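Right, one structure below, let's go through it.
The values are calculated or read from the model by the stated rules, or taken from the named source; none is laboratory data. Not measured: the values here are computed from a predicted model. Protein only, heavy atoms only, side chains kept; ligands, DNA and RNA dropped before computing areas. Shrake-Rupley method; radii C 1.70, N 1.55, O 1.52, S 1.80 Å.
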Amino acid sequence: MANLNEEAKGYQQDIEDLEKSIGDGALCYKVRNAVYHFKGVVADPALSPPEQVKALLRNEHILPPLTPDQILRVAAADQEGAAGKEARVLVRKLRQLWIVQMRKRDQEMLMELVTQ
């Protein structure tokens, strides 16, 4: 059980580091909400990983809604140049956050099962 707790703490630290690196609390919160409150949200295997993240962010049912500026920041990932590169890095970090959030959630569910 102690090992499970340590893993969960490690995931939390990774989440905090990624959120700090992303620097947009609303985007990070939307990813967290997708993981914890919309269990039906599954990445479409037909989409590339960046497209999966963009689809999650476009989902109107997952709060908070994105501002026009946030939409443009993410949409720029399809463009060439510096803005496109910056947006692709953002999308990559958001995908990493999504993955770590899912691992943390799974770890929490496992710890709950172990304690029952």
Name the lysines eligible as straight-distance cross-link partners of K54: C-alpha to C-alpha under 16 Å, and not fewer than 8 places from it in the same chain.
K30, K85, K93
Work out from phi, with θ = phi - 60° and the Karplus expression 6.51 cos²θ - 1.76 cosθ + 1.60, the ³J(HN,Hα) of each residue of the range 95-101, listed in order in whole Hz, and give x for Gly and Pro.
5, 4, 4, 4, 5, 5, 4
Please report the carbon-and-sulfur percent of the accessible area for the chain; probe 1.4 Å, protein heavy atoms only, DNA, RNA and ligands left out.
56
Accessible area expressed per residue, the chain, with surrounding protein chains retained (probe 1.4 Å, Å²)
62
Given the DSSP H assignment, sum -39500 (n - 2.57) over each helix run of at least 4 residues in the chain and divide by its residue total; what's the result at 222 nm in deg cm²/dmol, nearest 500?
-25000 deg cm²/dmol
Heavy atoms only, 1.4 Å probe, whole protein assembly: order K20, K104 by accessible area, highest first.
K20, K104
